[in-house]
Amino acid sequence: MARTGEKTRRTVFAPRIAELFRAHRGEPLFRLEPDTIGVAGPDLMDALLRARPANAEERPTFKPVLGRHVTRAESAALMRAVGADVRAALGTPPTPDPAALVGRWPGVAHNYLRDLVFGREHRRFRVLVDRRLELTPKITWAAVTTGAAMLWRPGSGPTSHLASLVLDADNFPDRRFAMYLYRRVAAPVCFTVAALVTNALWLGAPFDDDTPNRHLIDEALRLLPPSWNILRVASPEFGAVDRRIGAADDVLLLPLLSHRDPALWDDPDGFRPERWRGLDPDHAPGYLPFGHVRERCWGRNMVLPLAEHLLDAVRRGGLTVDPRQTTGRVPLDGLLEVADVRVVRR
Ligand code: HEM
């Protein structure tokens, strides 16, 4: 359980996360499992992430697909394509009807973002950003395989930059590979931004008019970082950084804990967006919501404007969390997010 600023909302974390806070908050390094060391000290996190680059299996977005390596050039092309699609969507955003954002978040936010960025896409692509695909990898496999089997180009309407990468592939295995990658880059646009803005609403809505969106985002990312851990598998470089890390130990870096370390933050559990007035999120020690400076998230430059766009819509529409909802649950389920936030008009 954790306090949420001065609001009367309680955030209830999944037992394993609550246990991490209870047992390890403020500890720079600790044994988490027989073969895993947890790390939350800012200097140690920095040294370990500098020790070596992430390997192919550790890269969340571009780990191999069906055993096939994703090259640097392919990754860069995909990110350029989705970036162009997000920019196009934000270039002529429809003013959202506030009523469309009322309901249960993050689901409502996810669907709004899906329609904003991928709404004009042919169904075979749009289905790849569906929340239901999270339920089982088999559904993703079926959606990808069916879409890849379709040879024809969608007849009318614009084709997104991202879909063009699939349609340009000239055989089934390449098309299927490209469909998986479409899913890998398109889905996080909806999942992660919906999680981030849901968390911000839960923590602080209704927001003061004079608090900039960026400060709300930085503070929500601090208290509820959707990417709450960064895994690095055992490797000889780590023992050289700290002798307590054995040759067979994986390392789990925990921004979840460093973001609430009482030695680093005043009122560590309080939602205080104003603290960011004098702080640089790129250089605050132990603050790693988008990873380490050396390998920072490639999606950040589209996540931030999308999150700001949603927050603007929330503010313009006078939306907030239903005052009758006083408990928000954070399950242990991939992204760290409050699972079911009821958003209403004030
Ligand atoms: C709230 C939104 C997001 C957060 C908090 C976030 C967080 C992170 C973090 C912590 C890392 C570093 C991981 C590591 O070092 O192991 C990372 C890397 C990365 N992120 Fe994000 N991310 C977000 C959204 C996105 C989106 C929407 C995309 C793509 C469309 C994306 C693509 C990537 C890529 C390509 C990398 C580099 C590593 C890799 O190859 O996967 N991220 N992100």
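The values are calculated or read from the model by the stated rules, or taken from the named source; none is laboratory data. Quantities reported herein were computed from a predicted structural model and do not represent experimental measurements. Cβ coordinates were reconstructed from backbone atoms using ideal geometry, including for glycine residues, and neighbour counts include every protein chain displayed.
Would you mind stating whether PRO273 is within 12 Å of the ligand (Cβ to nearest atom), touching a Pro at 6+ places or on another chain (Cβ under 9 Å) and of a type outside the set (Asp, Glu)? Write out each step before concluding.
On the way: within 12 Å of the ligand (Cβ to nearest atom): no; touching a Pro at 6+ places or on another chain (Cβ under 9 Å): yes; of a type outside the set (Asp, Glu): yes.
Taking the combined requirement at face value, the residue does not satisfy it.
For (1) of a type in the set (S, T, N, Q); (2) modelled with pLDDT under 95; (3) loosely packed, with under 14 Cβ neighbours inside 10 Å, each residue gets a yes or a no:
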residue: VAL144; (1), (2), (3): no, yes, no
residue: PRO158; (1), (2), (3): no, yes, yes
residue: ARG184; (1), (2), (3): no, yes, no
residue: VAL193; (1), (2), (3): no, no, no
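Take GLY204 and tell me if it is modelled with pLDDT under 90 and either under 26 Å from THR320 (Cα atoms) or in contact with a Phe, Trp or Tyr (Cβ under 6 Å, 6 or more places away or on another chain) (or both).
Details: modelled with pLDDT under 90: no; either under 26 Å from THR320 (Cα atoms) or in contact with a Phe, Trp or Tyr (Cβ under 6 Å, 6 or more places away or on another chain) (or both): yes.
For GLY204, the condition - modelled with pLDDT under 90 and either under 26 Å from THR320 (Cα atoms) or in contact with a Phe, Trp or Tyr (Cβ under 6 Å, 6 or more places away or on another chain) (or both) - is not met.
Suppose we filter VAL129, VAL108 for residues that are β-branched (Val, Ile, Thr), in contact with a Phe, Trp or Tyr (Cβ under 7 Å, 6 or more places away or on another chain) and touching a residue at least 60 places away in the same chain (Cβ under 8 Å); which single one remains? Let's see the steps before the verdict.
On the way: VAL108 fails: in contact with a Phe, Trp or Tyr (Cβ under 7 Å, 6 or more places away or on another chain).
Just one listed residue meets the conditions, VAL129.
Which ones in the stretch 202-236 are farther than 22 Å from CYS297 by Cβ and not aromatic (Phe, Trp, Tyr)?
Within the stretch 202-236, GLY204, ALA205, PRO206, ASP208, ASP209, ASP210, THR211, ALA234, PRO236 meet the criteria.
Within the stretch 156-173, identify whether any single residue is acidic (Asp, Glu), more than 14 Å from the chain's Cα centre (by Cα) and farther than 30 Å from GLY103 by Cα, and answer yes or no.
Start the filter on the stretch 156-173 by keeping residues that are acidic (Asp, Glu), which leaves 168, 170.
Next, from what is left, pick out any that are more than 14 Å from the chain's Cα centre (by Cα): 168, 170.
Restricting the remaining residues to those that are farther than 30 Å from GLY103 by Cα gives 168, 170.
Among the residues of the stretch 156-173, at least one is acidic (Asp, Glu), more than 14 Å from the chain's Cα centre (by Cα) and farther than 30 Å from GLY103 by Cα, which makes the answer yes.
State whether the residues of the stretch 239-256 include one that is in a helix (DSSP H, G or I), hydrophobic (A, V, I, L, M, F, W, C) and within 17 Å of the chain's Cα centre (by Cα). If you could, list the steps in order and put the result at the bottom.
Pass one, the stretch 239-256, residues in a helix (DSSP H, G or I): 239-241, 255-256.
After this cut, where a residue has to be hydrophobic (A, V, I, L, M, F, W, C) as well, the list is 240-241, 256.
So of that shortlist, the ones also within 17 Å of the chain's Cα centre (by Cα) come out as 256.
Yes, the stretch 239-256 has at least one match.
Limited to the stretch 187-231, what total is found for residues that are more than 15 Å from LEU304 (Cβ to Cβ) and part of a loop (DSSP other than H, G, I, E, B)?
10
For PRO206, all conditions in the list (1) surrounded by fewer than 24 Cβ atoms within 10 Å (Cβ to Cβ); (2) within 16 Å of the ligand (Cβ to nearest atom) hold save one; what is the number of the exception?
Going through (1) surrounded by fewer than 24 Cβ atoms within 10 Å (Cβ to Cβ); (2) within 16 Å of the ligand (Cβ to nearest atom) one by one, PRO206 breaks only (2).
Looking at the structure I just gave you, is VAL314 closer than 23 Å to LEU29 by Cβ, touching a residue at least 60 places away in the same chain (Cβ under 8 Å) and more than 10 Å from the ligand (Cβ to nearest atom)? If you could, list the steps in order and put the result at the bottom.
Working: closer than 23 Å to LEU29 by Cβ: no; touching a residue at least 60 places away in the same chain (Cβ under 8 Å): yes; more than 10 Å from the ligand (Cβ to nearest atom): yes.
Judged against the criteria, VAL314 is not a match.
Which residues, taken from the stretch 9-37, are touching a helix residue (DSSP H, G or I) at 6+ places or on another chain (Cβ under 6 Å) and without any contact (Cβ under 8 Å) to a residue 12 or more places away in the chain?
Passing the criteria: only PHE30.
Just to check your reading of the model, which residue among ASP261, ASP209, ASP218 is acidic (Asp, Glu) and over 23 Å from GLY318 (Cα atoms)?
Values: ASP209 fails: over 23 Å from GLY318 (Cα atoms); ASP218 fails: over 23 Å from GLY318 (Cα atoms).
Checking each option against the conditions leaves just ASP261.
For (1) assigned to a loop (DSSP other than H, G, I, E, B); (2) surrounded by fewer than 14 Cβ atoms within 10 Å (Cβ to Cβ); (3) modelled with pLDDT under 95, each residue gets a yes or a no:
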residue	(1), (2), (3)
ASP266	yes, yes, no
TRP276	no, no, no
GLY291	yes, no, no
VAL303	no, no, no
GLU308	no, no, no
LEU311	no, no, no
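Restricting to the stretch 313-329, and then to whatever is closer than 13 Å to TRP202 by Cα and either exposed (fewer than 12 other Cβ atoms within 10 Å of the Cβ) or among the charged types (D, E, K, R) (or both), can you tell me which residue is farthest from the chain's Cα centre (by Cα)?
Residues of the stretch 313-329 that are closer than 13 Å to TRP202 by Cα, as a first pass: 314, 319-329.
Then drop every residue that is not either exposed (fewer than 12 other Cβ atoms within 10 Å of the Cβ) or among the charged types (D, E, K, R) (or both), which leaves 322, 324, 327, 329.
Values: ASP322: 24, ARG324: 27, THR327: 22, ARG329: 17 Å.
Looking at residues that are closer than 13 Å to TRP202 by Cα and either exposed (fewer than 12 other Cβ atoms within 10 Å of the Cβ) or among the charged types (D, E, K, R) (or both), I get ARG324.
So how many residues does the stretch 163-176 have that are in contact (Cβ under 8 Å) with a residue 12 or more places away in the chain, away from the ligand (no atom under 16 Å from the Cβ) and among the hydrophobic types (A, V, I, L, M, F, W, C)?
The qualifying residues number 2.
What residue, among those in the stretch 94-142 that are basic (Lys, Arg) and over 19 Å from the mean Cα position of the chain (by Cα), is surrounded by the most Cβ atoms within 10 Å (Cβ to Cβ)? Give the steps one after another, and end with the answer.
Initial filter on the stretch 94-142 (basic (Lys, Arg)): 104, 114, 120, 123-124, 126, 131-132, 138.
From what's left, over 19 Å from the mean Cα position of the chain (by Cα): 120, 123-124, 126, 138.
Details: ARG120: 16, ARG123: 9, ARG124: 19, ARG126: 16, LYS138: 9.
Ranking the qualifying residues of the stretch 94-142, first place goes to ARG124.
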